[in-house]
Amino acid sequence: MPALVWFRQDLRLHDQPALVAAVAEGDVIPVYVLDDKGPGDWRIGGAQRWWLHHSLQALDRSLRDLGSRLILRRGPAAAVLTDIADDCGAETIHAIRHYEPWWREAEEALGERLCLHEGNHLRPPESVRTGSGGQFRMFSAFYRALLAMLPPEAPTAAPKHMSAPGRWPKSDTLDDWNLLPIKPNWATGFEDWTPGEAGAAAALDDFADAAAVYDDARNLPSVEGTSRLSPHLHHGEISPRQVWQALKGRGKGVESFRRELAWRDFTAGLILALPDYAEKNGRSRFDRLKWRHAPSELKAWQEGRTGYPIVDAGMRQLWATGWMHNRVRMITASFLVKHLLIDWREGERWFWDTLVDADYGNNSVNWQWVAGTGIDANMFGRIMAPLSQSAKFDAADYIREWVPELRDVPDAAIHDPEESGCLPANYPRKIIGHREARERALAAGRQVR
């Protein structure tokens, strides 16, 4: 009797415990189900769909090298998997545990037939508990508890061969799913990415060589100082345990990056405790905050036309490449919430659709952290100053790359060309002054104390 392996955000063969368990039982049928119904409003966005197409393509090639293949089906995951298992006579469905609320519902619906394995985190998030047995709500306390449980277990090797069933179930083709944009093809700038397990391994090799300076370089938008591993980790093309092991002995900067891996685990634990965290303020008093309804200003932010060069550079990079530098993500998010006083959920939704690494836990927790509405968050009154942030982190070359209207503006003026008197005719004035925006945000915050 064959066993099914249910792939989701774990699109790899190395350190894939669900696959290892299925191979040990005999014949294996690998399955990916595109479920747009279960997630509801949180079905994957356009940028993730582009990535998913190429990642599934790469996974299928790797499986075929082992004498197997990937079965593609579309529909409600639990129902589709049950149909395949019934048709093939499979008694067991192996899968790596996920923490998004819709995946937990699907896992519960599959019942005893489903055998869940841990593999997408340094430690199972539900195993890192407070003294009273609850999920941590504060990262610093979570991190201390997690550190006591580390290092993680060693990653497992990929199988060298897979036994195929006597009869394969029917499968869709990737082209049937229309995951790639065509008219228009807005993903031409995504070509720098290499989705798939091999691309993830290459990205990790590149980062490992530079990891020693990560702590300093990660905040500089003009420098390639971040890992660029986030989409590979999100889609599970590489595991956190593999990353942890590869960075061993790579210098002091590694500890800062390992903290980022721990943050992923923390956000998974938080959405386990609060599954609707992407939709509800972590602090209920912010339910009374009067957000502005300003569609034209929201659109200007989305399109990178705010008149703040660092903000506009980040938003244009996001649209062009499906990714944005982490420091700039914080600046752009703060600008939307504090300068424009637009509900953080508007920005969260935009990032969900445009980021190739959009993760339910990370996205919601990060937005609420910046907005000040979350359980573990900045104070609402902490307002990032985009002009001084731009100068502090030497973003001149980054701005020139993504805002071509400002390429000829000198370094001394490029962070605020309007104030410096050298605003090009084809670049907009500031949508609102920093001082005015700050005072308006602080006044709004005082109303919900």
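Selection of first residues in segment 356-369 that are in the same structural domain as residue 380 (by TED's automatic domain parsing) and among the β-branched types (Val, Ile, Thr) and of second residues that are modelled with pLDDT under 95 and outside any helix (DSSP H, G or I), restricted to Cβ pairs under 8 Å at least 6 apart or on distinct chains, gives the following pairs, ordered by first then second residue: 365/376.
Results for (1) part of a helix (DSSP H, G or I); (2) surrounded by fewer than 16 Cβ atoms within 10 Å (Cβ to Cβ); (3) at pLDDT 95 or above; (4) within 30 Å of the chain's Cα centre (by Cα), shown as yes or no for each residue.
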site: 409; (1), (2), (3), (4): no, no, yes, no
site: 418; (1), (2), (3), (4): yes, no, yes, no
site: 429; (1), (2), (3), (4): no, yes, yes, no
site: 438; (1), (2), (3), (4): yes, no, yes, yes
site: 441; (1), (2), (3), (4): yes, no, yes, yes
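State whether the residues of segment 76-83 include one that is of a type in the set (Ser, Thr, Tyr) and over 26 Å from residue 156 (Cα atoms). Within segment 76-83, one or more residues are of a type in the set (Ser, Thr, Tyr) and over 26 Å from residue 156 (Cα atoms).
Just wondering, is there one or more residues in segment 258-272 that are of a type in the set (Gly, Ala, Ser), modelled with pLDDT of 95 or more, assigned to a loop (DSSP other than H, G, I, E, B) and touching a Gly at 6+ places or on another chain (Cβ under 9 Å)? Walk me through how you get there before you give the answer.
Here is the first cut: in segment 258-272, the ones of a type in the set (Gly, Ala, Ser) are 262, 268-269.
Next, only the ones that are modelled with pLDDT of 95 or more stay: 262, 268-269.
Now narrow it down to the ones that are assigned to a loop (DSSP other than H, G, I, E, B): none.
Looking through segment 258-272, none of the residues is of a type in the set (Gly, Ala, Ser), modelled with pLDDT of 95 or more, assigned to a loop (DSSP other than H, G, I, E, B) and touching a Gly at 6+ places or on another chain (Cβ under 9 Å).
Under the condition of being not basic (Lys, Arg) and not in a helix (DSSP H, G or I), which residue from segment 287-319 is nearest to the chain's Cα centre (by Cα)? So, considering only residues that are not basic (Lys, Arg) and not in a helix (DSSP H, G or I), the one nearest to the chain's Cα centre (by Cα) is 304. Quick check: anything in segment 320-340 assigned to a loop (DSSP other than H, G, I, E, B), of a type outside the set (S, T, N, Q) and under 19 Å from residue 432 (Cα atoms)? Within segment 320-340, one or more residues are assigned to a loop (DSSP other than H, G, I, E, B), of a type outside the set (S, T, N, Q) and under 19 Å from residue 432 (Cα atoms). Scanning segment 59-77 for residues that are farther than 30 Å from residue 363 by Cα and assigned to a loop (DSSP other than H, G, I, E, B) turns up 66, 67, 68, 69.
State whether one or more residues within segment 157-176 are in a helix (DSSP H, G or I) and surrounded by 16 or more Cβ atoms within 10 Å (Cβ to Cβ). Give the derivation first.
Applying the first criterion (in a helix (DSSP H, G or I)) to segment 157-176 yields 174-176.
With the extra rule that they be surrounded by 16 or more Cβ atoms within 10 Å (Cβ to Cβ), the set shrinks to 174.
Yes, that holds for at least one residue.
Does residue 80 meet the test of being part of a helix (DSSP H, G or I) and either modelled with pLDDT of 95 or more or among the charged types (D, E, K, R) (or both)? So residue 80 passes the test.
Scan segment 121-134 and report the pairs whose first residue is of a type in the set (Lys, Arg) and whose second residue is not in a helix (DSSP H, G or I), with Cβ atoms within less than 9 Å and a gap of 6+ or a chain change. Within 9 Å, the pairs are 123/149; 123/150; 123/152; 123/153; 129/135; 129/136. So, residue 282, is that one of a type outside the set (D, E, K, R) and either modelled with pLDDT under 95 or closer than 30 Å to residue 239 by Cβ (or both) or not? Considered against the rule, which asks whether it is of a type outside the set (D, E, K, R) and either modelled with pLDDT under 95 or closer than 30 Å to residue 239 by Cβ (or both), residue 282 comes out as yes.
Of everything in segment 243-270 that is under 16 Å from residue 363 (Cβ atoms) and in contact (Cβ under 8 Å) with a residue 40 or more places away in the chain, the residue that is nearest to the chain's Cα centre (by Cα) is 264.
Number of residues in segment 370-400 that are surrounded by 17 or more Cβ atoms within 10 Å (Cβ to Cβ), touching a residue at least 12 places away in the same chain (Cβ under 8 Å) and not aliphatic (A, V, I, L, M): the value is 11. For segment 30-58, filtering for residues that are in a loop (DSSP other than H, G, I, E, B) and among the basic types (Lys, Arg) leaves 2.
Where residues in segment 227-239 are assigned to a loop (DSSP other than H, G, I, E, B) and not β-branched (Val, Ile, Thr), which of them is surrounded by the most Cβ atoms within 10 Å (Cβ to Cβ)? I'd like the intermediate steps shown before the answer.
Going residue by residue through segment 227-239, those that are assigned to a loop (DSSP other than H, G, I, E, B) are 227-229, 235-239.
Subset that is not β-branched (Val, Ile, Thr): 227-229, 235-237, 239.
Working: 227: 23, 228: 17, 229: 21, 235: 27, 236: 24, 237: 30, 239: 26.
That would be 237.
Residue selection: residue 6 fails the criterion of being assigned to a helix (DSSP H, G or I), aromatic (Phe, Trp, Tyr) and at negative phi. Candidates are the residues of segment 196-226 that are in a helix (DSSP H, G or I) and closer than 17 Å to residue 391 by Cα; the one that is modelled with the lowest pLDDT is 216.
If you check 273, 278, 294 for being more than 25 Å from residue 444 (Cα to Cα) and touching a residue at least 12 places away in the same chain (Cβ under 8 Å), only one passes: 273.
The values are calculated or read from the model by the stated rules, or taken from the named source; none is laboratory data. If you're wondering where the values come from, they're calculated on a predicted model, not measured in any experiment. We place every Cβ from the backbone using ideal geometry, glycine too, and count neighbours over all the protein chains shown.
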